[in-house]
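The values are calculated or read from the model by the stated rules, or taken from the named source; none is laboratory data. Just so you know, these numbers come straight off a predicted model, no measurement behind them. In this analysis, Cβ positions are derived from the backbone assuming ideal geometry, glycine residues included, and neighbour counts consider all displayed protein chains. Note: accessible area is taken over every heavy atom of the protein model, side chains too, but ligands, DNA and RNA are not part of it. Shrake-Rupley method; radii C 1.70, N 1.55, O 1.52, S 1.80 Å.
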Amino acid sequence: MTRDPDHPAGRASRRGFLIGGAASALALDAGTVEAQQATSVAPQRPDAVVPPGCPPQPGQVPTRGPQGYRFLTNPEVETLTAMADRLIPADDLGPGAVEAGVVTFIDRELGGQFGAAARWYMAGPWAEGAPSQGWQLALTPAQIYRIGFLALDRWCLGVNGKRFVDLGPADQDAVLTLLEQGKIDLDGVSSAAFFQLVWQNVVEGYLADPVYDGNRGMAGWRLLNFPGTNPALTEAVALNGEVYRIDPVSIGA
Amino acid sequence: MPRHMPHVDVVIVGMGWTGAIAARELADTGLRIVGLERGPYRDTIPNFAVPNTMDELRWSVRGEMFQNLSRETVTFRNHLKQTALPMRRLGAFLPGEGLGGAGVHWNGQHWRFLPTDFQMRSHNEARYGKKAIDPELTIQDWGVTYDELEPYYDKFEYVCGTSGQAGNLKGAIREGGNPFEGPRSREYPCPPLKQSYGPRQFAETARGMGYKPFPQPASNMSQDSYTNPDGVQMGPCTYCGFCERFGCYNWSKASPFNTVLPIALKNPNFELRCDSHVTRVELTPDRKSARGVTYVDAAGQALFQPADLVLLCAFQFHNVRLMLASGIGPGYDPRTAKGTVGKNFTYQTIAYTYPFFANKRMNGYAGAGAMGMTLDEFNGDNFDHGPHGFIGGGYILAQTTGARPIQQSTLPDGSPSWGSGWKRALHDWYDRSFTIQAHGGSTAHRANYIDLDPTYRDAFGVPLARITFDFPQNDLKMRQFLVDKSVEIAKAMRPDHLKVSLPPVPFSIVPYQTTHIVGGAIMGVDRNTSAVTTHLQSWDVPNVFVHGASAFPQNAGYNPTNTLAALSYRSIEAIKSKYLQNPGTLI
Ligand SMILES: Cc1cc2nc3c(=O)[nH]c(=O)nc-3n(C[C@H](O)[C@H](O)[C@H](O)COP(=O)(O)OP(=O)(O)OC[C@H]3O[C@@H](n4cnc5c(N)ncnc54)[C@H](O)[C@@H]3O)c2cc1C
Ligand code: SF4
């Protein structure tokens with residue numbers, strides 16, 4: 001759904017608005033990855049800008065939605081973009097996490113209530129506890145990202161002489177596997193907990209409603225044929241194993 | 001000193017299912033009633049309107065209408081030797097907060113317990129002998145019978161417009177319903193829900209194996225409309241698939257909003273105060289009578305609400321904590337097995353089986369909270385336990401509640417956990433399976449209980465409830481038995497993959513299992529072994545009544561709400577017909 005009050009339906013003007021949006025984001029924060037991509041790709045390939053309501057294709061730049069970052073620093077954006085690109089890559093099945101706007105999604109989440117652990121019980125004393133007692137870290141998600149990304153780059157530089165973002169895809173995958181297995185010390189934060197948090201948030205950004213700036217063009221939902229926020233699905237109940245085709249709708253597309 | 005509010009006749013603590021039922025049922029008494037709810041005011045419109053109610057991240061993943069743990073949580077340990085630690089993030093259960101309580105985000109699975117469930121000890125001893133029951137199991141009879149509860153079950157089903165098919169109508173067994181259920185006095189108010197592909201196929205296979213599958217009783221409206229005995233209307237369920245963990249947009253899932261609250265709120269003698277968190281029931285110095293309750297309002301002010309009668313309707317562990325923190329009744333001590341408040345904390349013993357079909361779409365997004373086909377052959381004492389070495393059982397349910405992408409995308413074992421391979425597996429296997437849930441009961445064990453935590457406190461300085469719990473061996477044997485039966489049926493469906501998912505042992509607070517946590521203020525006929533009477537009246541402070549699943553001596557193999565609502569109706573009726581004539585005395 002177009003939410004541009006000046007150009008409610010016009011496709012051409014919508015596109016103009018989108019490109020304008022990308023340009024102004026560049027002016028605001030020239031260092032962000034999305035903004036750099038926007039300048040290098042969008043002017044040369046006008047079709048690379050995603051038309052409203054369509055999923056971005058591999059290589060296309062998601063330009064709708066607010067640009068720029070609220071919480072993440074530039075190096076964090078670089079690392080997270082590289083990670084998200086390996087965790088859910090763009091491929092022949094369609095856009096990956098980066099194309100779907102997951103980096104922006106995570107930035108917004110970390111800068112908001114989730115990042116602040118606003119609804120978690122965060123009073124001490126703190127003890128590690130048994131696995132059955134669950135999460136017992138004294139850190140908020142925002143703190144875990146901040147500490148984790150810094151420590152990860154330090155670890156990668158020490159072992160490979162390069163930051164995570166500068167490693168090749170195979171080496172990045174190897175590092176991700178070590179993180180997942182809890183085998184890297186991230187300044188006292190369990191790398192398995194760090195990995196699970198990032199992975200959880202990447203999946204959320206890929207599959208949550210586009211109103212949160214991820215899942216752009218409902219790319220994640222189209223991969224699944226998920227109908228989104230269509231509330232009247234009675235006729236799909238009667239089907240016998242065939243797919244129910246319906247164009248997805250969302251709160252925030 | 002908290003500011004004193006004007007005196008009222010009745011104060012209700014918590015305005016979820018039981019609090020709203022109590023307010024409705026007391027509406028014709030002329031009593032002045034105040035309902036205190038710690039969470040915010042809300043209603044179907046605007047709070048659960050589409051499309052915003054269909055937001056998986058906000059409601060289900062971030063849990064915006066579940067209890068806000070930053071103010072209050074529980075601590076948890078598996079056994080006495082462990083130090084309990086706070087549940088810092090929601091996991092195993094999802095208590096509600098706000099007007100309507102968990103009655104807003106429940107599924108609507110609307111079960112009655114079996115007649116024998118109410119005689120858990122005497123029935124099993126009579127059939128299998130005393131020796132068949134592990135001496136550590138502290139199971140008890142309820143002190144009420146199914147027949148005594150039947151009129152109240154019936155009442156709540158008609159209030160909720162429950163859909164289903166009677167299997168036992170006044171003793172006559174009827175085709176297509178649950179042949180094991182207790183006798184019903186009349187049919188369900190509404191016909192069964194539609195069933196989607198997965199549950200239909202499951203039922204057909206099970207029928208071929210000699211089982212008697214039937215549609216799960218559902219408080220999701222199966223008709224175009226329904227008007228309950230109070231004249232309150234419900235709309236048709238459109239199988240939106242955002243049901244449990246969400247508010248219903250269409251007045252289709254029974255909740256306090258489209259059943260009892262509208263009547264309660266019309267009563268000029270009823271005053272609802274939201275954002276009002278009760279911290280204590282205030283007692284007279286001899287601890288034999290309650291004077292009222294202290295609560296903290298939205299502005300953080302402490303207030304005292306004097307009342308002649310206090311109804312605790314705050315949900316299971318909140319009831320127990322308020323009793324312990326206020327000194328109502330003797331706390332239970334697992335070492336001596338003496339004391340009653342906190343005793344017999346039980347849960348539900350769950351396991352899941354997922355058959356996958358590579359070339360079939362389940363269209364699971366077209367689901368409803370209580371849609372599903374059930375087998376009751378292995379519930380309660382519906383089968384001979386002689387050779388098996390355990391008591392109790394559970395239903396086996398093929399269900400489709402939704403296919404929400406973040407949390408309901410089940411992949412076969414061995415799928416890559418991330419990367420291109422994960423994406424491929426998600427693409428290939430999303431919506432290719434459905435859930436077969438084994439929903440087992442939970443036997444009470446001497447060492448499973450609730451007390452006050454010695455270390456951790458809530459935002460108001462009150463000690464948190466401490467839960468000590470692990471699955472009894474009896475229940476783990478029962479779980480394995482139910483899983484074996486589920487797998488047998490699933491295999492007969494010839495799936496391309498089969499996945500079995502068992503919640504961890506020892507019990508873990510991390511993965512969601514169910515919010516059917518029960519016990520702690522259990523009912524009975526003996527004040528030495530129960531905290532409340534069969535009318536839910538505190539033995540020790542008779543002007544306090546304690547409603548909710550806290551009253552269950554142990555849990556049966558069904559969802560609890562129909563039973564706890566029936567107990568509430570029965571209690572309020574006794575308050576009206578007996579207690580009010582002799583206030584302050586045991587009924
Ligand atoms: C996801 C989910 C699915 C469920 N599905 C089913 C199902 O299908 N079938 C079934 O039978 N049951 C189901 N249940 C359980 C059902 O919701 C509960 O049994 C039912 O709501 C219990 O009613 P209650 O009145 O005891 O508690 P609630 O309905 O939770 O109401 C308690 C209220 O008290 C308030 N409160 C707590 N403490 C205080 C305080 N100190 N001061 C003031 N107010 C307070 C709370 O905020 C809450 O609003 C489900 C629960 C969940 C979470
Ligand atoms: S599935 Fe039906 S009852 Fe449940 S929320 Fe949707 S419309 Fe309401």
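One table, with the values for the structure above:
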{"read-out": "Separation of the B:Gln165 and B:Ala358 label points, Cα + 7 Å toward Cβ, nm", "value": "3.4 nm"}
{"read-out": "Residues in the stretch B:355-374 reached by a label modelled at B:Ala492 [backbone nitrogen below 20 Å; 7 Å Cα→Cβ]", "value": "B:355-357, B:372-374"}
{"read-out": "Calculated SAXS-style log₁₀ I(q)/I(0) at q = 0.09, 0.15, 0.17, 0.21 Å⁻¹ - the stretch B:433-587, Debye, Cα scatterers", "value": "-0.42, -0.94, -1.09, -1.35"}
{"read-out": "Distance in nm between pseudo-label sites at A:Lys183 and A:Ala238 (7 Å out along the Cβ direction from Cα)", "value": "5.5 nm"}
{"read-out": "Summed buried accessible surface, chains B and A, 1.4 Å probe, nearest 100 Å²", "value": "5500 Å²"}
{"read-out": "Extreme residue, positive dipole direction of chain B, given options B:His535, B:Gly14, B:Thr116 (C-beta unit charges)", "value": "B:Gly14"}
{"read-out": "B:Val50-B:Arg71 FRET efficiency (beta carbon distance; Förster radius 30 Å; 0.05 resolution)", "value": "0.50"}
{"read-out": "Degrees between helix B:561-577 axis and first principal axis of chain B (Cα, 0 to 90, nearest 10)", "value": "30 degrees"}
{"read-out": "Residue (of B:Pro51, B:Val61, B:Asn78) at the positive-pole extreme of the stretch B:42-81, dipole from beta-carbon charges", "value": "B:Asn78"}
{"read-out": "Two-site FRET efficiency, B:Asp43 against A:Gln113, from Cβ-Cβ distance with R₀ of 22 Å, rounded to 0.05", "value": "0.40"}
{"read-out": "Spacing of the two label points (7 Å from each Cα toward its C-beta) at A:Asp91 and B:Thr284, in nm", "value": "7.4 nm"}
{"read-out": "Paramagnetic reach from A:Thr73 in the stretch A:146-165 [backbone N under 16 Å; point 7 Å along Cα→Cβ]", "value": "A:146-157, A:163-165"}
{"read-out": "For a label point 7 Å along the Cα-to-beta-carbon line of B:Leu580, residues of the stretch B:1-17 with backbone N under 20 Å", "value": "B:7-13"}
{"read-out": "Surface accessible to a 1.4 Å probe, B:His105 within the full protein complex, Å²", "value": "20 Å²"}
{"read-out": "Along each principal axis, Cα extent of the stretch B:75-129, largest first, Å", "value": "44, 38, 15"}
{"read-out": "Cα gyration tensor shape of the protein assembly as shown, rounded if a/c is under 1.5, else prolate or oblate by comparing a/b with b/c", "value": "prolate"}
{"read-out": "The protein assembly as shown: calculated mean residue ellipticity at 222 nm from DSSP helix runs of at least 4, using -39500 (n - 2.57)", "value": "-8000 deg cm²/dmol"}
{"read-out": "Karplus-derived HN-Hα couplings along the stretch B:3-15 (A = 6.51, B = -1.76, C = 1.60, θ = phi - 60°), whole Hz, x at Gly and Pro", "value": "5, 8, 8, x, 4, 10, 6, 10, 10, 10, 9, x, 10"}
{"read-out": "The stretch A:181-220, relative contact order in percent, only Cα pairs under 8 angstrom and at least six apart counted", "value": "22 percent"}
{"read-out": "Heavy-atom SASA rank of A:Leu197, B:Leu452 (probe 1.4 Å, accessible area, largest first)", "value": "B:Leu452, A:Leu197"}
{"read-out": "Anchor B:Lys499: lysines whose Cα lies under 27 Å away (excluding residues fewer than 8 positions away in-chain)", "value": "B:Lys194, B:Lys212, B:Lys360, B:Lys423, B:Lys477, B:Lys485, B:Lys491"}
{"read-out": "Per-residue average of Cβ from other chains inside 10 Å of A:198-208", "value": "4"}
{"read-out": "Rounded to the nearest 10 Å², the accessible area of B:Glu204 at probe 1.4 Å", "value": "120 Å²"}
{"read-out": "Theoretical gain in end-to-end length, B:Val525 to B:His7 [0.36 nm per residue, Cα-Cα removed]", "value": "183.2 nm"}
{"read-out": "Heavy atoms of B:Ile139 accessible to a 1.4 Å probe, total area in Å² rounded to 10", "value": "0 Å²"}
{"read-out": "Heavy-atom SASA rank of B:Phe48, A:Phe71 (probe 1.4 Å, accessible area, largest first)", "value": "A:Phe71, B:Phe48"}
{"read-out": "Around A:Gly134: net Lys/Arg minus Asp/Glu count, Cβ-Cβ under 13 Å", "value": "+2"}
{"read-out": "For B:Gly393, distant residues with modelled amide H under 5 Å away", "value": "B:Gly380, B:Gly441, B:Gly557"}
{"read-out": "Derived scalar couplings ³J(HN,Hα) [the stretch A:229-245; Karplus, 6.51 cos²θ - 1.76 cosθ + 1.60; whole Hz; x for Gly, Pro]", "value": "9, 6, x, 9, 10, 3, 5, 6, 5, 7, 5, 10, x, 8, 6, 8, 8"}
{"read-out": "Alpha-carbon centroid distance for the pair the stretch B:207-234 / the stretch A:149-199, whole angstrom", "value": "52 Å"}
{"read-out": "Pairwise FRET efficiency - A:Lys162 versus A:Asp247, Cβ, R0 = 45 Å, nearest 0.05", "value": "0.55"}
{"read-out": "Sequence of B:Val525, B:Val541 when ordered by accessible area, the most exposed leading, probe 1.4 angstrom", "value": "B:Val525, B:Val541"}
{"read-out": "Square roots of five times the Cα gyration tensor eigenvalues for chain B, Å", "value": "36, 26, 25"}
{"read-out": "Neighbourhood net charge (15 Å Cβ-Cβ; Lys/Arg +1, Asp/Glu -1) for B:Gly39", "value": "-3"}
